[in-house]
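**Student:** Quick one: structure below, then a few questions.
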Amino acid sequence: MTLIIDPDDLNQGTEVTINASAKTIALSVAGNLSNDGVTGQALYSFLKEEWKSDSALIPYEFPMVSITPEQFEFVENWVPANDTTRNLLRSCGWREITAGDVIEREYMGIVSLGNIDSGSQPYYAFSSDSTANDFDFTGIVNQGVQTFGDSSNGNFDKRGDTLTLFIRTQGNTYGSATSTSIGLTSLNYIANRFPLAEASDLKISASDSDIQNNAPYTGMEIRLYPSAQSRTIGGTSYNFGVIIDGNSGTAEQIYEFVQYQLRQNSDIDVDAGPANIGNLQDEFLGFVGDTLKTKLVNNSDGGGGGVYIDTFNANDTNRLVFTDSSDTERTFPFVSAGSLNFNSNLSGDADAIYRMFFTTGFGTSSALLVNDNSGAAISGNISGNSSVGFDFDYDGNTQGGRTAGTDADVTIVAIGQNTAQYVLATGTITRAVGQNISLVAPLERNYSNP
């Protein structure tokens with residue numbers, strides 16, 4: 001069945017029950033009426049025809065006033081019989097007013113524009129709310145939302161609030177729209193159209209179960225700060241108020257984690273400050289092609305709206321864009337990145353170490369360790385890893401008189417103790433990511449320290 005727009009599709013005692021003594025009008029899912037509902041205009045027109053033709057109704061005050069085809073008032077103590085009836089009214093807003101002209105209830109008509117899958121659950125929140133409210137039906141929205149109720153009908157007044165609509169479904173792109181974005185300064189009682197849509201999100205492949213239980217997602221977190229946090233990009237410090245710990249995940253994995261958090265009806269901020277409920281938060285991230293961009297958000301903790309990602313996969317450095325708290329996009333100079341790969345003799349040696357040197361000067365007392373993008377030497381303990389990532393400030397590193405922006409010849413050495421002999425490998429760091437240098441150490445057979 002479809003939305004009823006023709007009063008001829010309504011019948012007393014089937015789709016519509018009129019109780020003149022109680023002054024109620026009830027809609028029932030029966031006959032021609034499905035959960036697709038009936039427009040306010042069709043119901044109003046049907047009631048006019050019934051009052052004109054039904055001698056039992058004409059002695060009673062007419063129940064509705066039509067202000068426009070999408071704005072109505074139930075008057076003279078007439079009201080919808082129940083919330084089932086109210087939820088079946090479509091493409092309209094309305095008031096419920098007593099015979100003494102007292103407003104008991106007010107409803108804003110909400111109509112979404114754009115695709116929403118039939119099984120997806122849209123929801124909404126007023127700016128004074130701390131929790132979200134689901135619409136009564138899944139899929140495209142066409143429903144009245146109560147914005148005012150007197151002391152006997154909810155005892156609240158949201159008409160001065162901002163209303164935000166959301167659609168956030170696992171595996172789909174997210175959408176939202178606000179009453180201010182469609183030009184409203186207060187909430188009225190007419191039908192309003194909101195652009196709200198979703199589509200398949202090609203950057204989501206992990207399931208909720210993956211994110212809840214598996215690395216690297218389980219080590220990621222979001223923190224909203226009460227004060228500005230400084231992060232250095234290309235040698236300059238910028239302020240951010242929201243920091244995402246990416247736990248060395250790829251851009252896609254970080255995005256998947258954050259999108260999952262934004263569907264949670266719980267506090268997603270790991271600090272002990274005010275609660276920041278996930279499904280009411282602004283979106284933090286968005287992809288433009290393969291580039292992941294952070295967004296300027298409302299940080300209720302007060303530290304600014306810029307969003308930065310700590311501890312991301314070095315290979316993704318050049319496809320990340322960070323929006324700082326001044327709403328300015330910041331990017332790193334080109335950062336080369338790759339991995340040092342170790343064979344089992346090295347990864348199985350608890351004492352194994354690695355060091356990366358510039359080839360020029362290697363084998364002499366002037367040998368120079370290569371610094372990573374943060375200025376720390378590319379060296380460390382292998383600690384059982386089969387590979388270790390590295391990054392390099394290709395456009396800015398001038399160690400030992402190196403000309404910035406040129407390829408860097410490097411020599412990497414590794415040595416263990418009980419299972420790995422000394423090994424040396426050479427390579428060239430180019431203006432690229434995904435570079436791999438392998439170190440294959442012979443098995444140590446003769447080391448002994450009794």
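**Student:** Taking E49 as the residue in question, decide whether it is farther than 23 Å from P195 by Cα and either among the charged types (D, E, K, R) or within 39 Å of the chain's Cα centre (by Cα) (or both).
**Tutor:** Details: farther than 23 Å from P195 by Cα: yes; either among the charged types (D, E, K, R) or within 39 Å of the chain's Cα centre (by Cα) (or both): yes.
So E49 passes the test.
Yes/no matrix, rows are residues, columns are (1) out of contact with any helix residue (DSSP H, G or I) (no Cβ under 9 Å at 6 or more places or on another chain); (2) in contact (Cβ under 8 Å) with a residue 24 or more places away in the chain:
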| residue | (1), (2) |
| --- | --- |
| A420 | no, yes |
| A425 | yes, no |
| T430 | yes, yes |
| L443 | no, yes |
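**Student:** Further, regarding this structure: Could you list all residues from segment 269-299 that are at pLDDT below 95 and either in contact with a strand residue (DSSP E or B) (Cβ under 8 Å, 6 or more places away or on another chain) or not in a loop (DSSP other than H, G, I, E, B) (or both)? Full working, then the answer.
**Tutor:** Just the residues of segment 269-299 that are at pLDDT below 95, to begin with: 271-275.
Residues satisfying the conditions are D271, G273, A275.
**Student:** Do we find a residue being among the hydroxyl-bearing types (S, T, Y), exposed (fewer than 15 other Cβ atoms within 10 Å of the Cβ), in contact with a Pro (Cβ under 9 Å, 6 or more places away or on another chain) and modelled with pLDDT of 95 or more anywhere in segment 130-138? Explain how you work it out, then say what you get.
**Tutor:** Going residue by residue through segment 130-138, those that are among the hydroxyl-bearing types (S, T, Y) are 130-131, 138.
Then drop every residue that is not exposed (fewer than 15 other Cβ atoms within 10 Å of the Cβ), which leaves 130-131.
Narrowing the set further to residues that are in contact with a Pro (Cβ under 9 Å, 6 or more places away or on another chain) leaves none.
No, segment 130-138 contains no residue that is among the hydroxyl-bearing types (S, T, Y), exposed (fewer than 15 other Cβ atoms within 10 Å of the Cβ), in contact with a Pro (Cβ under 9 Å, 6 or more places away or on another chain) and modelled with pLDDT of 95 or more.
**Student:** Tell me the strands (runs of 3 or more DSSP E) entirely within segment 307-379 that contain at least 2 residues that are of a type in the set (A, V, I, L, M), at pLDDT 95 or above and within 30 Å of N418 (Cβ to Cβ).
**Tutor:** Numbers: elements: 307-312, 320-323, 335-342, 353-358.
Answer list for segment 307-379: 353-358.
**Student:** Determine, yes or no, whether G338 is under 24 Å from I222 (Cα atoms), of a type in the set (G, A, S) and within 30 Å of the chain's Cα centre (by Cα).
**Tutor:** On the way: under 24 Å from I222 (Cα atoms): no; of a type in the set (G, A, S): yes; within 30 Å of the chain's Cα centre (by Cα): yes.
Answer is no for this residue.
**Student:** Going residue by residue through segment 166-174, is there one that turns out to be among the small types (G, A, S) and on the phi < 0 side of the Ramachandran plot?
**Tutor:** The initial filter retains those residues of segment 166-174 that are among the small types (G, A, S), namely 171.
The next check asks that each one be on the phi < 0 side of the Ramachandran plot; those that pass are none.
No, segment 166-174 contains no residue that is among the small types (G, A, S) and on the phi < 0 side of the Ramachandran plot.
**Student:** Residue check: is Y308 in contact (Cβ under 8 Å) with a residue 24 or more places away in the chain, touching a Phe, Trp or Tyr at 6+ places or on another chain (Cβ under 7 Å) and outside the structural domain of G396 (by TED's automatic domain parsing)? Please lay out each step first, then the result.
**Tutor:** Working: in contact (Cβ under 8 Å) with a residue 24 or more places away in the chain: yes; touching a Phe, Trp or Tyr at 6+ places or on another chain (Cβ under 7 Å): yes; outside the structural domain of G396 (by TED's automatic domain parsing): yes.
Judged against the criteria, Y308 is a match.
**Student:** Taking the stated definitions as given, is N298 polar (S, T, N, Q), more than 30 Å from S128 (Cα to Cα) and surrounded by fewer than 17 Cβ atoms within 10 Å (Cβ to Cβ)? Steps first, please.
**Tutor:** Numbers: polar (S, T, N, Q): yes; more than 30 Å from S128 (Cα to Cα): no; surrounded by fewer than 17 Cβ atoms within 10 Å (Cβ to Cβ): yes.
For N298, the condition - polar (S, T, N, Q), more than 30 Å from S128 (Cα to Cα) and surrounded by fewer than 17 Cβ atoms within 10 Å (Cβ to Cβ) - is not met.
**Student:** Please go through segment 427-450 and give me each residue that is more than 41 Å from the chain's Cα centre (by Cα) and charged (D, E, K, R), ordered by number.
**Tutor:** Passing the criteria: E444, R445.
**Student:** Sticking with this structure for a sec: Quick one: how many residues across segment 107-119 are surrounded by fewer than 18 Cβ atoms within 10 Å (Cβ to Cβ) and farther than 18 Å from T39 by Cβ?
**Tutor:** The number of residues fulfilling the criteria is 5.
**Student:** Same structure, new question: Return the residues of segment 219-256 that are under 18 Å from the mean Cα position of the chain (by Cα) and among the aliphatic types (A, V, I, L, M); say none if nothing qualifies. If you could, list the steps in order and put the result at the bottom.
**Tutor:** As a first pass, look at segment 219-256 and keep what is under 18 Å from the mean Cα position of the chain (by Cα): 220-224, 241-246, 249-256.
Once the filter is applied, which keeps residues that are under 18 Å from the mean Cα position of the chain (by Cα) and among the aliphatic types (A, V, I, L, M), segment 219-256 yields M220, I222, L224, V242, I243, I244, A251, I254.
**Student:** Give the residues of segment 134-164 that are of a type in the set (G, A, S) and under 19 Å from N279 (Cα atoms), sorted by residue number.
**Tutor:** So the first thing to find is which residues in segment 134-164 are of a type in the set (G, A, S), and the list is 139, 144, 149, 151-152, 154, 160.
Correct list: G139 only.
**Student:** Ok, one more. Do any strands (runs of 3 or more DSSP E) lying entirely in segment 59-106 carry at least 1 residues that are without any contact (Cβ under 8 Å) to a residue 60 or more places away in the chain and under 22 Å from D36 (Cα atoms), and which ones are they? Outline the logic, then answer.
**Tutor:** Working: elements: 64-68, 71-74, 93-97.
Passing ranges, in order: 64-68, 71-74.
**Student:** A follow-up question, please. Are any of the residues in segment 408-417 in a loop (DSSP other than H, G, I, E, B), in contact with a strand residue (DSSP E or B) (Cβ under 7 Å, 6 or more places away or on another chain), among the charged types (D, E, K, R) and modelled with pLDDT of 95 or more? Show your work before the answer.
**Tutor:** Taking segment 408-417 and keeping what is in a loop (DSSP other than H, G, I, E, B), we get 416-417.
Keeping just the survivors that are in contact with a strand residue (DSSP E or B) (Cβ under 7 Å, 6 or more places away or on another chain) gives none.
Within segment 408-417, none of the residues are in a loop (DSSP other than H, G, I, E, B), in contact with a strand residue (DSSP E or B) (Cβ under 7 Å, 6 or more places away or on another chain), among the charged types (D, E, K, R) and modelled with pLDDT of 95 or more.
**Student:** Right, something else. Considering every residue within segment 46-57, establish whether at least one is closer than 12 Å to L88 by Cβ, touching a Leu at 6+ places or on another chain (Cβ under 8 Å) and crowded, with 18+ Cβ neighbours inside 10 Å.
**Tutor:** Here is the first cut: in segment 46-57, the residues closer than 12 Å to L88 by Cβ are none.
Within segment 46-57 (the criterion being closer than 12 Å to L88 by Cβ, touching a Leu at 6+ places or on another chain (Cβ under 8 Å) and crowded, with 18+ Cβ neighbours inside 10 Å), the answer is no, since none of the residues qualifies.
**Student:** Filter segment 392-426 down to the residues that are within 39 Å of the chain's Cα centre (by Cα) and buried (at least 18 other Cβ atoms within 10 Å of the Cβ) and list them by number.
**Tutor:** F392, D393, Y394, N397
**Student:** Among the residues in segment 360-369, are any surrounded by 16 or more Cβ atoms within 10 Å (Cβ to Cβ), among the polar types (S, T, N, Q), farther than 18 Å from I415 by Cβ and more than 37 Å from the chain's Cα centre (by Cα)?
**Tutor:** Yes: one or more hits.
**Student:** Still on this structure, please answer the following. How many residues does segment 206-221 hold that are crowded, with 18+ Cβ neighbours inside 10 Å and either within 15 Å of G304 (Cβ to Cβ) or of a type in the set (D, E, K, R) (or both)?
**Tutor:** 0
The values are calculated or read from the model by the stated rules, or taken from the named source; none is laboratory data. These numbers come from a predicted model, not from an experiment. Neighbour counts are summed over all protein chains in view; Cβ atoms, including those assigned to glycine, are modelled from backbone coordinates with ideal geometry.
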